[in-house]
Structure formats: structure tokens, C-alpha cells
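A.B. asks: One structure, as C-alpha cells, below. Some questions next.
The values are calculated or read from the model by the stated rules, or taken from the named source; none is laboratory data. Just so it is clear, the structure is predicted and the values come from calculations on it, not from any experiment. Note that each Cβ is placed from the backbone with ideal geometry, even for glycine, and that neighbours are counted across all protein chains shown.
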Amino acid sequence: MNKIHSQFFKAILVLSFISYSNIYSQQDAENVAKALSNPVASMYSVPFQNNFQLGIGPEKGYKYLLNFQPVIPVSLSKSINLINRAIFPVIFQNHVTGTSRQNGLGDILYSAFLSPSKSKIIWGIGPALSFPTATDSMLGTKKLLFGPTMVVLGQPGSWTIGALANNLWSVAGAEYRSEITALYVQPFVTYNTKGGMGIGVSSENSYDWRRKMLTSGLVALNLSQVFKLDGKQIASLNLSPLYFYSNESVNKPEWGARVVVTLVFPKK
């Protein structure tokens, strides 16, 4: 555990070095950083979200979760954009469910937001689908889930304040698995500097309506920086310590960390 702490703090030092490196113009970096803080920004991006969770349950298990999350905006008209977002989870876990180990793909989540291209209050609404693509029964629901999703935010000055949510119901899938009615809510606040650095906090919460309990929750303290790879490719690095909470009957990690590398491709 000490080794992981050490590596995380080394990553913070790298991020600090990047933030003071003159490798990207301040104004452009700030614009990209603000766009990345907006889930329905009309900008192509490819985040690789690395999640490390340790000390899970009585067996003190661990979990590594890689979320590959491409964002593809499509202009439907001069006033309406369609923002396509997908999450492809790749999971490696041990001693999380008993003493067994599971590796593989989890359930893929696709969301489509219809969003106005010009609005003081930024918002998007549309459908969300979770597909039962898990390669191991312990890594997914074995259910096709469907429901609405929406996001609302404002960006006054250097701030971004908003929330993303969806509510999914199981509509098909394995009969031996319990039906699902689940709410997901993610509030977030970020302050972006002129140099493209972002400082903020976010929370991710999943609530099971059937069991009337919070099945997972976390708070992330986010520190990010926009920069250029090899002087050409626009990218962002985000580092976050994670604090977990949930219902007492749910096994949750004792602590965790998140490292996100995002490749950015602004629309021309």
C-alpha cells in the first residue's frame, strides 16, 4: 500500500511540473479545460479513466477498473447537437467476491444527449442503455437496462457547476437475476485557471430503488492539467484521491485513487 501511495504522489509531482511548463498557450488551455468540464461539450475526446480500489470487504480485496470513454459529438442542426458518450469498462479484481478472481469486460453503457449549441444554462437530455456485455457473471448484471439520462450545468467565469444523472430499468436479460431499478447521480464543481489547470470535487452515487439503499458512493478531489504531447496532441491529465461510502451492508473500498488521461480533438 505504501508503494501505491508513493507512486500516486509521484504522479502529482509530474502534474505540477506539467502545469508550469510552457507547452500550450494559456487561453487555449483554459478553453479546452472548460470544455472537458462540460459533459455535453461539442468536442471529440477519448478519456482513459484508471481506477484503483483497495481494501474491499472482509478479504481486503482490490480492484482495477479501466473505463474507456469516447465522446463523439454530432451537429444535427445549427442549434442542436447530439453528444454520444460510451463507457467500456475493463475490470481486474481479486478477493472482492469471496476469494475468487475475475478479469474481463464489464457492461457497456451508452448515453445520447440532445443539447442546444447555444444556451446560458447548458443542458442535455436523452436515452441511456446498459448492455449485458460482461465476460464474467460477477462483472455485470446480465440485464439489458434502459432509461433517461440528463445533465445540467452552468459555467460562470472560470467555474463549472452541475450534475449528471440517469435512471435505468432492466427490460430484458437473465431471468435468474433480480430486476433492476437504479438511480445514478453525479454532481460536480470545477475551477479552471488560465493555464488550463482544473481544481474541483465530484461525487458519484448509485441508489437501488428496490432495496431502498445506496449501493455505491464516492467523493473525488480532482486536479487536472491540459498540455500537449510531443508539442502536437492536446491532452489532459487528471489525478484524484477517492473516498468511498455506501450502505453498511455493501462491501466498499477503504481507499482508492483515479488517474485519467484524455486525448482531445477539437472540432474544426
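A.B. asks: Which of the residues spanning segment 100-141 are crowded, with 17+ Cβ neighbours inside 10 Å and not in a strand (DSSP E or B)?
C.D. replies: Gly106, Asp107, Pro132, Ala134, Leu139, Gly140, Thr141
A.B. asks: Filter segment 42-54 for residues that are modelled with pLDDT of 95 or more and either of a type in the set (Gly, Ala, Ser) or touching a Ser or Thr at 6+ places or on another chain (Cβ under 6 Å) (or both); which is surrounded by the fewest Cβ atoms within 10 Å (Cβ to Cβ)?
C.D. replies: Here the residue is Pro47.
A.B. asks: Now for a different question. Residue check, Tyr24 against (1) modelled with pLDDT under 70; (2) crowded, with 19+ Cβ neighbours inside 10 Å; (3) outside any loop (DSSP other than H, G, I, E, B); (4) not β-branched (Val, Ile, Thr), all met but one. Which one?
C.D. replies: (3)
A.B. asks: Could you give every pair whose Cβ atoms fall below 9 Å, whose first residue belongs to segment 201-212 and is buried (at least 17 other Cβ atoms within 10 Å of the Cβ), and whose second residue is of a type in the set (Val, Ile, Thr) and in a loop (DSSP other than H, G, I, E, B), counting only separations of at least 6 or pairs across chains?
C.D. replies: If the second residue must be of a type in the set (Val, Ile, Thr) and in a loop (DSSP other than H, G, I, E, B), the pairs left are Asp208/Ile180.
A.B. asks: All but one of (1) without any contact (Cβ under 8 Å) to a residue 60 or more places away in the chain; (2) under 21 Å from Gln186 (Cβ atoms); (3) of a type outside the set (S, T, N, Q) hold for Leu164; state the number of the condition that does not hold.
C.D. replies: It fails just one condition, (1).
A.B. asks: Another question, if that's okay. Considering only residues that are more than 14 Å from Pro187 (Cβ to Cβ) and in a strand (DSSP E or B), look in segment 143-161 and name the one that is nearest to the chain's Cα centre (by Cα). Write out each step before concluding.
C.D. replies: Taking segment 143-161 as the starting set, the residues that turn out to be more than 14 Å from Pro187 (Cβ to Cβ) are 143-149, 155-158.
Next, only the ones that are in a strand (DSSP E or B) stay: 143-149.
Numbers: Lys143: 21, Leu144: 21, Leu145: 19, Phe146: 19, Gly147: 19, Pro148: 18, Thr149: 15 Å.
Per the criteria, the residue is Thr149.
A.B. asks: Considering only residues of segment 163-198 that are of a type in the set (A, V, I, L, M, F, W, C) and in a loop (DSSP other than H, G, I, E, B), which is surrounded by the most Cβ atoms within 10 Å (Cβ to Cβ)? Show your work before the answer.
C.D. replies: Step one: filter segment 163-198 for residues of a type in the set (A, V, I, L, M, F, W, C), giving 163-165, 168-169, 171-172, 174, 180, 182-183, 185, 188-189, 197.
Then keep just the ones that are in a loop (DSSP other than H, G, I, E, B); that gives 174, 180.
Working: Ala174: 14, Ile180: 20.
Filtering segment 163-198 for residues that are of a type in the set (A, V, I, L, M, F, W, C) and in a loop (DSSP other than H, G, I, E, B), the one surrounded by the most Cβ atoms within 10 Å (Cβ to Cβ) comes out as Ile180.
A.B. asks: While we're looking at this one, here's another question. For residues in segment 75-96 being of a type in the set (Ser, Thr, Tyr) and touching a residue at least 12 places away in the same chain (Cβ under 8 Å), which is surrounded by the fewest Cβ atoms within 10 Å (Cβ to Cβ)? Give the derivation first.
C.D. replies: Restricting attention to segment 75-96, the residues satisfying the condition of being of a type in the set (Ser, Thr, Tyr) are 75, 77, 79.
This time we only want the ones that are touching a residue at least 12 places away in the same chain (Cβ under 8 Å), so: 75, 79.
Details: Ser75: 12, Ser79: 10.
So the residue we want is Ser79.
A.B. asks: Follow-up. How many of the residues making up segment 66-99 are under 17 Å from Val260 (Cβ atoms), in a loop (DSSP other than H, G, I, E, B) and among the hydrophobic types (A, V, I, L, M, F, W, C)? Before you say what the answer is, go through the steps one by one.
C.D. replies: Step one: list which residues in segment 66-99 are under 17 Å from Val260 (Cβ atoms), which gives 66-71, 85-91.
Filter again for in a loop (DSSP other than H, G, I, E, B), leaving 69-70.
Then drop every residue that is not among the hydrophobic types (A, V, I, L, M, F, W, C), which leaves none.
Qualifying residue count, segment 66-99: 0.
A.B. asks: List the residue pairs whose Cβ atoms are under 9 Å apart, where the first residue sits in segment 126-139 and is under 27 Å from His95 (Cβ atoms), the second is among the aromatic types (Phe, Trp, Tyr), and the two are 6 or more positions apart or on different chains.
C.D. replies: Once the first residue is under 27 Å from His95 (Cβ atoms) and sits in segment 126-139, its partners that are among the aromatic types (Phe, Trp, Tyr) give Ser130/Tyr110; Ser130/Phe146; Thr133/Phe88.
A.B. asks: Is it fair to say Lys228 is assigned to a loop (DSSP other than H, G, I, E, B), over 14 Å from the mean Cα position of the chain (by Cα) and within 29 Å of Val74 (Cα to Cα)?
C.D. replies: no
A.B. asks: Another question about this same structure. Of the conditions (1) assigned to a loop (DSSP other than H, G, I, E, B); (2) under 22 Å from Leu109 (Cα atoms), Pro58 fails just one. Which one is it?
C.D. replies: Condition not satisfied by Pro58: (2).
A.B. asks: Continuing with the same structure: Being among the basic types (Lys, Arg), modelled with pLDDT under 80 and out of contact with any His (no Cβ under 9 Å at 6 or more places or on another chain) narrows it down to one residue among Lys3, Lys78, Lys34, Lys63; which is it? Spell out the reasoning first.
C.D. replies: Working: Lys78 fails: modelled with pLDDT under 80; Lys34 fails: modelled with pLDDT under 80; Lys63 fails: modelled with pLDDT under 80.
That would be Lys3, the only listed residue that is among the basic types (Lys, Arg), modelled with pLDDT under 80 and out of contact with any His (no Cβ under 9 Å at 6 or more places or on another chain).
A.B. asks: Anything in segment 235-254 that is at pLDDT below 95 and either over 24 Å from Gln93 (Cα atoms) or under 19 Å from the mean Cα position of the chain (by Cα) (or both)? List them, or say none.
C.D. replies: Correct list: Ser246, Lys252.
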